[in-house]
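Below is one structure, written out as structure tokens; comments come after it.
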């Protein structure tokens with residue numbers, strides 16, 4: 001039996017940002033209901049980054065993502081995130097597809113960041129700011145645009161923000177400064193997590209921020225003092241309390257499970273997110289394997305329904321068995 005390998009261009013062509021967001025929504029809800037299974041993410045440290053093994057099962061499938069995070073790679077002309085996603089049949093164990101992990105991660109990161117902003121933001125429907133314009137930041141901006149919101153971009157590499165803005169079109173603009181971007185009503189940070197983006201006292205009433213960069217040990221994008229005065233929602237407490245922005249406050253007991261909601265449970269109405277227009281809301285994302293599973297299944301089903309579609313031209317097929 002042959003197994004398709006869907007490279008980055010096939011992944012992006014198969015699933016638009018809006019559909020990726022809905023797949024991510026499905027993952028959060030199914031996981032919150034206990035319908036999908038997800039063991040803990042495994043980190044393998046390396047001198048300049050780390051490797052991650054991320055398994056999950058649900059919807060008749062199982063997935064394993066073997067992916068890297070090497071923040072210094074862009075300086076080498078290499079992507080920060082790379083790897084492969086293996087999608088298997090959960091009934092027979094047969095391998096069904098291999099997918100490019102970098103592209104899939106970008107799609108689900110964009111979906112999660114914007115889903116959290118729509119769920120926890122003030123609902124003003126205005127523009128949003130994206131701080132960090134790498135592959136994942138670009139995907140976040142694309143997802144906002146797909147949802148009808150303009151985006152303001154900022155990156156420490158000014159030319160990178162300008163390039164992404166040009167690629168995305170008239171509803172994307174470059175911020176005049178980082179401060180302008182960080183003052184937006186909705187902000188998504190997609191940085192390497194090597195420095196605090198939101199220091200103590202920086203968030204204002206009504207603001208929402210989706211923190212997407214602090215997805216591993218030792219990373220942080222926000223000061224603990226800011227978390228303690230915000231309504232905090234994470235993707236999953238068990239993972240985020242060890243590897244996310246909330247980990248520092250959780251380690252010394254300043255944030256406990258009862259202080260932090262999970263996004264899936266907010267979507268189900270089981271836990272509270274924003275309760276008023278002046279609330280400051282923070283989403284702490286560490287990246288869940290169930291999100292990868294949902295997006296991988298959606299892409300695979302598109303391929304299976306029409307393998308001859310233009311989106312799948314040039315797909316390599318590997319022989320199995």
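Of note:
- Segment 132-211 versus segment 77-97: alpha-carbon centroid distance in Å: 29
- Computed E for residue 16/residue 229 - FRET, C-beta separation, R0 35 angstrom, nearest 0.05: 0.40
- Full-extension gain in nm, residue 270 to residue 147, via 0.36 nm per residue minus C-alpha separation: 41.7 nm
- Inter-label distance for residue 178 and residue 258, nm, one decimal - labels placed 7 Å from Cα along Cα-to-Cβ: 3.8
- Mean residue ellipticity (222 nm) of the chain, computed from DSSP H runs ≥ 4 via -39,500 (n - 2.57), nearest 500: -10000 deg cm²/dmol
- Fully extended contour minus Cα-Cα distance, from residue 158 to residue 33, at 0.36 nm per residue: 40.7 nm
- Separation of segment 271-321 from segment 39-54 is 20 Å, based on Cα centroids.
- Using alpha-carbon coordinates, inclination of helix 289-305 to the longest axis of the chain, degrees: 40
- Each 20 Å bin from zero up to the one holding the largest Cα-Cα distance in the chain carries the following percent of pairs: 34, 59, 7.
- For segment 120-284, projected area of the alpha-carbon convex hull averaged over all directions, nm²: 9.0
- Among 157, 178, 265, the largest mean-square fluctuation in a Gaussian network model of the chain, built with springs joining Cα atoms closer than 10 Å, belongs to 157.
- Build a GNM of the chain with springs between Cα atoms under 10 Å apart, and of 137, 148, 127 the one that fluctuates most is 148.
- For residue 277 and residue 305, the difference between the fully extended length at 0.36 nm per residue and the C-alpha to C-alpha distance is 5.7 nm.
- Estimated FRET transfer efficiency (residue 76, residue 166; beta-carbon r; R0 25 Å; 0.05): 0.55
- GNM flexibility winner over the chain from 307, 47, 39 (Cα, springs under 10 Å): 47
Read the figures in this text as sums done on the coordinates, not as results from a lab. Note that this is a predicted model, so its numbers are computed, not measured. FYI the Cβ positions are ideal-geometry reconstructions off the backbone, even for glycines, and counts take in every protein chain you see.
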